[in-house]
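Heads up: the structure comes next, in C-alpha cells.
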Amino acid sequence: QVQLVESGGGSVQAGESLRLSCAVSGITFTRSTLGWFRQTPGKEREFVTAVTGWGNRASYADSVKDRFTLFRDTSKKTMYLQMNSLKPEDTATYYCAGAQALNAGAQDDKYDYWGQGTQVTVSS
C-alpha cells in the first residue's frame, strides 16, 4: 500500500524558511517520480518541483527557482522541500506526490499517489 504523509507546514513571516517532509512508503524511489505541488482555494493545483526516478537534478517552477530545494533521503524513505525566502504568494496547501512513471514531469494528472497536504502560510 502506498502512503505519502506530509509534515512541516506552518505560519511564517515573509523572508523566513520552512522545511516540508514527505514520508513515503510503498514506492521505490529509483523507479518513481516524486514531486511537490501546491494549491490555493479557487485555483488549480500548481507544480512546484519534481525529481525523476534516476535521482538527477530536480526541475522547478520558475516561481520557486533558486528559493526552494527538493532533496531525498532514500535511507529514511523521505522527501523534503526546503523553502527559503518565502513570500506571501507562496501561501498554499502543499502536497507531495508520487508517480509510477520515471519522469512524470509537471503535469499533476501523471501522478498516481498524493499526500493529504500541509498548509503553509506566509504573512507580509
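The values are calculated or read from the model by the stated rules, or taken from the named source; none is laboratory data. Quantities reported herein were computed from a predicted structural model and do not represent experimental measurements. Here Cβ is always computed from backbone atoms with ideal geometry, including for glycine, and neighbour counts include all displayed protein chains. The area values use the complete protein model at the heavy-atom level, side chains included, leaving out ligands, DNA and RNA. Shrake-Rupley method; radii C 1.70, N 1.55, O 1.52, S 1.80 Å.
When T52 is tested against the conditions (1) closer than 25 Å to V12 by Cα; (2) out of contact with any helix residue (DSSP H, G or I) (no Cβ under 9 Å at 6 or more places or on another chain), the lone failure is (1).
Here K77 passes the criteria (1) touching a strand residue (DSSP E or B) at 6+ places or on another chain (Cβ under 7 Å); (2) at pLDDT below 95; (3) farther than 15 Å from S7 by Cβ except the one numbered (3). Of all the residues in segment 62-105, those that are in a loop (DSSP other than H, G, I, E, B) and crowded, with 16+ Cβ neighbours inside 10 Å number 5. Pairs linking a residue in segment 63-86 that is at positive phi and touching a residue at least 24 places away in the same chain (Cβ under 8 Å) to a residue that is of a type outside the set (F, W, Y) and open to solvent by less than 20 Å² (accessible area, probe 1.4 Å), with Cβ atoms under 6 Å and 6 or more positions apart or on different chains, are K77/V24. Residues that are among the small types (G, A, S) and more than 22 Å from T30 (Cβ to Cβ): does segment 90-103 have at least one? Scanning segment 90-103, I find at least one residue that is among the small types (G, A, S) and more than 22 Å from T30 (Cβ to Cβ), so the answer is yes. Going by the structure shown, is R38 over 19 Å from D108 (Cα atoms), in a strand (DSSP E or B), among the charged types (D, E, K, R) and open to solvent by 10 Å² or more (accessible area, probe 1.4 Å)? Answer is no for this residue.
The lone criterion from (1) at pLDDT below 95; (2) within 13 Å of the chain's Cα centre (by Cα) left unmet by A23 is number (1).
A single member of V24, V12 is part of a strand (DSSP E or B), open to solvent by less than 60 Å² (accessible area, probe 1.4 Å), β-branched (V, I, T) and within 18 Å of G55 (Cα to Cα), and it is V24.
Among the candidates A50, A23, the residue that is within 22 Å of D109 (Cβ to Cβ) and not acidic (D, E) is uniquely A50.
Scan segment 41-61 residue by residue and report those that are in contact (Cβ under 8 Å) with a residue 40 or more places away in the chain, assigned to a strand (DSSP E or B) and open to solvent by less than 50 Å² (accessible area, probe 1.4 Å).
Of everything in segment 41-61, those that are in contact (Cβ under 8 Å) with a residue 40 or more places away in the chain, assigned to a strand (DSSP E or B) and open to solvent by less than 50 Å² (accessible area, probe 1.4 Å) turn out to be F47, V48, A50.
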